[in-house]
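Participant: Before we start, here is the structure in question, set down as structure tokens.
The values are calculated or read from the model by the stated rules, or taken from the named source; none is laboratory data. Because the structure is predicted, anything quoted here is derived from the model rather than measured. All Cβ positions, glycine included, derive from the backbone under ideal geometry; neighbour counts span all protein chains shown. Accessible surface areas use protein heavy atoms only, side chains included; no ligands, DNA or RNA. Shrake-Rupley method; radii C 1.70, N 1.55, O 1.52, S 1.80 Å.
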Amino acid sequence: MSSTLVLHHLNVSRSFRVLWLLEELGLKYEIKNYTRTPELAAPPELKNAHPLGKAPVLQDGDITLTESGAIVEYLIHKYGPQFQCPEEHYVDNLYFTHLAESTLGPTGSSKLIWQILPGRVPFFIRPIISAVGQRLIGLRLDPELTTLADLIEKQLTKSTSEFLVAEHLTSADFMIFWCIAFFEERMPTGSVGPKTKEYIQRMQERPAFKSAVEKGGPFK
């Protein structure tokens with residue numbers, strides 16, 4: 001299948017979702033890889049693809065899209081009928097697709113920021129920043145992450161297949177997988193359940209997933 005698709009992909013970022021989906025779809029596409037700066041930021045040349053300077057950026061002819069969730073839904077709508085969610089699972093798929101970036105992603109990112117921030121500030125205020133961060137993590141972020149992990153574990157327990165909501169991959173899998181797998185090692189101890197751990201491992205064993213890693217590098 002011919003395609004005008006171009007993916008601007010940043011290593012160790014949410015754009016892995018799109019790369020994995022493209023591999024699952026078997027589409028012809030061009031990948032332009034970008035590497036994070038020593039400060040872990042996106043390189044400035046990404047602004048040539050989109051003014052925000054963030055990945056992923058997907059170009060499909062005259063269409064340019066950012067935001068991994070929007071891109072995943074666009075690709076499935078246009079190119080992936082096999083990944084569209086059956087009506088009986090529509091609500092669960094809708095919920096978990098948007099839970100990824102509305103709650104789970106921001107909460108995990110907040111914890112990550114507070115964990116690395118003390119090493120990025122002048123030494124004389126590090127104890128203060130560290131103390132504030134640890135208190136915020138303990139009182140707010142870790143309890144919310146534990147609740148989210150339990151929510152995903154219960155959904156996987158309820159699922160009658162190897163996937164999150166349906167009998168095949170859907171947008172919820174592409175969106176939730178990256179969050180729960182990327183933040184797995186930073187989740188509160190014991191919060192990631194056995195079904196979730198099996199799910200993370202199972203997705204990584206898919207041929208398309210392995211191909212995405214070969215083309216775009218590790219996802220975390």
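Participant: Grab the Cα-Cα distance for Ala208 and Leu52, subtract it from 0.36 nm times how many residues apart they are, and report the gain in nm with one decimal.
Facilitator: In short, 53.3 nm is gained.
Participant: Quickly estimate the mean residue ellipticity at 222 nm for the chain, helices only: each DSSP H run with n ≥ 4 gives -39500 (n - 2.57), and the total goes over all residues, rounded to 500.
Facilitator: Per the formula, -15000 deg cm²/dmol.
Participant: Now for a separate question. For the residue pair Ala41 and Glu67, what label-to-label distance in nm results when each label sits 7 Å from Cα along the Cα-to-beta-carbon direction?
Facilitator: Placing both labels 7 Å along Cα→Cβ, they lie 2.4 nm apart.
Participant: Here is a further query. Excluding same-chain pairs closer than 8 in sequence, count the lysine pairs in the chain whose Cα atoms lie under 16 Å apart.
Facilitator: Counting lysine pairs in the chain gives 12.
Participant: Please state the Cα pair-distance histogram of the stretch 87-206 with 5 angstrom bins from zero: what percent is in each bin?
Facilitator: Computed distribution, short to long bins: 2, 11, 21, 21, 16, 11, 7, 5, 3, 1, 1, 0.
Participant: If you average the alpha carbon positions of the stretch 168-190 and of the stretch 85-156, how far apart do those two centres end up, in angstrom?
Facilitator: 11 Å
Participant: A further question follows. Net charge near Pro86, counting Lys/Arg +1 and Asp/Glu -1 over other residues with Cβ under 13 Å of its Cβ? Spell out each step's value before the answer.
Facilitator: Details: positive: none; negative: Glu87, Glu88, Asp92, Glu167.
My count for the surroundings of Pro86 gives -4.
Participant: Using the Cβ atoms and a cut-off under 15 Å, what net charge is assigned to the surroundings of Asn11, where Lys and Arg are +1 and Asp and Glu are -1?
Facilitator: +4
Participant: Next question. How much solvent-accessible surface does Val18 expose, in Å² to the nearest 10, with a 1.4 Å probe and all protein chains in place?
Facilitator: 0 Å²
Participant: Averaged over every viewing direction, what's the projected area of the C-alpha convex hull for the chain? Give it in nm², one decimal, please.
Facilitator: Numbers: hull surface 51.3 nm².
Across all orientations, the chain yields a mean hull projection of 12.8 nm².
Participant: On the accessible surface of the stretch 87-206, probed at 1.4 Å, how many percent belong to carbon and sulfur atoms? Can you show the working numbers first?
Facilitator: Details: 3580 of 6220 Å².
Heavy-atom surface of the stretch 87-206 belonging to carbon and sulfur, 1.4 Å probe: 58 percent.
Participant: Calculate how large, on average over all directions, the projected area of the Cα convex hull of the stretch 66-130 is; give the answer in nm² to one decimal.
Facilitator: Reported value for the Cα convex hull: 6.1 nm².
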